[in-house]
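*Asks:* My structure is below; once you've seen it, I'll send some questions.
The values are calculated or read from the model by the stated rules, or taken from the named source; none is laboratory data. Computed from a prediction, not measured in an experiment: that's the story for all the values here. A quick note on method: Cβ atoms are made from the backbone with ideal geometry, for glycine too, and the neighbour counts reach across all protein chains shown.
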Amino acid sequence: MENKEAYTYYVMDICLLAGQIMLQSGAETYRVEDTMTRIASSYGIEKTHSYVTPTGIIFSAEESGSAKTKLVRISDRTTDLKKVTIVNDISRRISSGTVGVEEALLLLRDVDKSSIPFSAALQITAAAIASGCFLIMFDGNWHDFLPSMLAGGFGLFCLIFFHKLVPVKFFAEFLAALAIGSLSFFFVQTGLGEELDKIIIGSVMPLVPGLLITNAVRDLMAGHLVSGLSKGAEAFLTAFAIGSGIAVVLTLF
Amino acid sequence: MNILEQIITSFVASAGFGIIFNAPKESLIKCGLTGMFGWIVYITMANNEFDTVFATLAASFVVAVTSTIFSRIYKTPMIIFSVAGIIPLVPGGMAYDAMRNFVENDYNTAVSLAAKAFMISGAIAIGLVFSEVINQVIRQSKLTVKK
């Protein structure tokens, strides 16, 4: 009996670790719940309940005797779609029965420890190139390509830098937008750029909360009203932070 | 406006977003393709006198369908592809114009621009919903056929 109880807790640990990694890396709520239920049922625990919000996971397994419940608090969320893919893959393998209990926990711990696939420098470069491309997509001329690239790359650099300095995400976004606005204004003043509006719009795009918008919609549709609304609120606050950063620049100059 | 220019830049921009969101390396090209398809639909419709809201709706639908197909083929979560794909459709320019008019105390123009930006965001959401619904209908009909 005691052995069985220990086994149940062990499986619950696996489920919660998988759920935690997915939620922290930016998966949708329904995918997190689905993954946890699937892992539990493939390890022989059929009756499980999970309640997932962006800030915490409650997972409960019903067994003969009393139900066991565990809670995990999620404090910081990043965007790391590679981890979501890997955990999704592990969960598929568990469902097909090829991965044992011990191996699953080891695999998940490896994923949890692994670092992000792209370095910050590469991400900043990508943001810079994307900003330049957005300028062209929004009808800008090639003359403004370089200023937009520099402003966009600098914007993401500021976001990463300020986010390390100040843990408040919205303030970091505000400062990054402020930096983008000021730099674009500087470029136009010195004659490097021509259209201030186009440069700002292009270089602000890397800060846009695209993942949050998509996830908010998908969560609301799947019936996860709490998660959907709170992700929508986060997306709105981010948009508001970027908007006010740019507004400050426009008022000052 | 040169259409080839648009195709290339939208591909590069969406793939770049794949890098910012830490998508797996092998999926970057598919992220780019998803974004490119969506943007081609949007830009052709917007150039042919369609309303921007409707063009955004159609484009986000295309993005969602493309990412569902990719996720089926490669057995990966759908959001990897759709997230990078919808970024170009986000009404950043309009939101910026609204903000500038607010700052310049031209509230009438500002509110109408903000309402338009809000409508476009809604269109993105509805496009995603549509494809999801169709997807689920297809999945359910498949299940009944198998039984």
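*Asks:* Among the numbered criteria (1) surrounded by 14 or more Cβ atoms within 10 Å (Cβ to Cβ); (2) under 21 Å from B:PHE81 (Cα atoms); (3) at pLDDT below 90, which single criterion is violated by A:THR78?
*Replies:* A:THR78 satisfies every listed condition except (1).
*Asks:* Taking the options A:THR238, A:THR214, A:THR251, name whichever one is at the interface with chain B (Cβ under 9 Å from one of its Cβ atoms), surrounded by fewer than 22 Cβ atoms within 10 Å (Cβ to Cβ), of a type in the set (Ser, Thr, Tyr) and touching a helix residue (DSSP H, G or I) at 6+ places or on another chain (Cβ under 6 Å).
*Replies:* A:THR251
*Asks:* Would you be able to say whether some residue in the stretch B:57-77 is under 30 Å from B:LYS25 (Cα atoms), of a type in the set (S, T, N, Q) and away from every other protein chain (no Cβ under 13 Å)?
*Replies:* Yes, some residue in the stretch B:57-77 is under 30 Å from B:LYS25 (Cα atoms), of a type in the set (S, T, N, Q) and away from every other protein chain (no Cβ under 13 Å).
*Asks:* Got at least one residue in the stretch A:85-105 being closer than 17 Å to A:GLY19 by Cβ, touching a Phe, Trp or Tyr at 6+ places or on another chain (Cβ under 7 Å) and within 11 Å of another protein chain (Cβ to nearest Cβ)?
*Replies:* No, there is no match, as no residue in the stretch A:85-105 is closer than 17 Å to A:GLY19 by Cβ, touching a Phe, Trp or Tyr at 6+ places or on another chain (Cβ under 7 Å) and within 11 Å of another protein chain (Cβ to nearest Cβ).
*Asks:* Take A:THR190 and tell me if it is more than 10 Å from every other protein chain (Cβ to nearest Cβ), more than 16 Å from B:PRO91 (Cα to Cα) and among the polar types (S, T, N, Q).
*Replies:* When the stated conditions are applied, A:THR190 passes them.
*Asks:* In the stretch B:71-90, what count of residues is obtained for those that are more than 11 Å from A:VAL208 (Cα to Cα) and either charged (D, E, K, R) or outside any helix (DSSP H, G or I) (or both)?
*Replies:* 5
*Asks:* Looking only at the stretch B:91-118, count how many residues are assigned to a helix (DSSP H, G or I), buried (at least 18 other Cβ atoms within 10 Å of the Cβ) and within 16 Å of the chain's Cα centre (by Cα).
*Replies:* Summing the residues that are assigned to a helix (DSSP H, G or I), buried (at least 18 other Cβ atoms within 10 Å of the Cβ) and within 16 Å of the chain's Cα centre (by Cα) in the stretch B:91-118 gives 4.
*Asks:* Criterion first (closer than 24 Å to B:PHE11 by Cβ and either assigned to a helix (DSSP H, G or I) or in contact with an Asp or Glu (Cβ under 7 Å, 6 or more places away or on another chain) (or both)) does A:GLY181 satisfy it?
*Replies:* Spelling it out, it is not the case that A:GLY181 is closer than 24 Å to B:PHE11 by Cβ and either assigned to a helix (DSSP H, G or I) or in contact with an Asp or Glu (Cβ under 7 Å, 6 or more places away or on another chain) (or both).
*Asks:* Among the residues of the stretch B:8-39, which ones are at the interface with chain A (Cβ under 10 Å from one of its Cβ atoms), in a helix (DSSP H, G or I) and among the hydrophobic types (A, V, I, L, M, F, W, C)?
*Replies:* B:ILE8, B:PHE11, B:VAL12, B:ALA13, B:ALA15, B:PHE17, B:ILE19, B:ILE20, B:LEU28, B:CYS31, B:TRP39
*Asks:* If we only count strands (runs of 3 or more DSSP E) wholly inside the stretch A:1-77, which ones have 1 or more residues that are under 20 Å from B:THR76 (Cβ atoms)?
*Replies:* Result: empty, no element qualifies.
*Asks:* How many of the residues making up the stretch A:110-131 are assigned to a loop (DSSP other than H, G, I, E, B), at the interface with chain B (Cβ under 7 Å from one of its Cβ atoms) and free of Cβ contacts under 8 Å to residues at least 24 places away in the same chain?
*Replies:* So the count comes out to 1.
*Asks:* Quick check on my filter: what residues within the stretch B:115-136 are within 19 Å of A:ASP197 (Cα to Cα) and facing chain A (nearest Cβ under 10 Å)?
*Replies:* Of everything in the stretch B:115-136, just one residue is within 19 Å of A:ASP197 (Cα to Cα) and facing chain A (nearest Cβ under 10 Å), namely B:ALA117.
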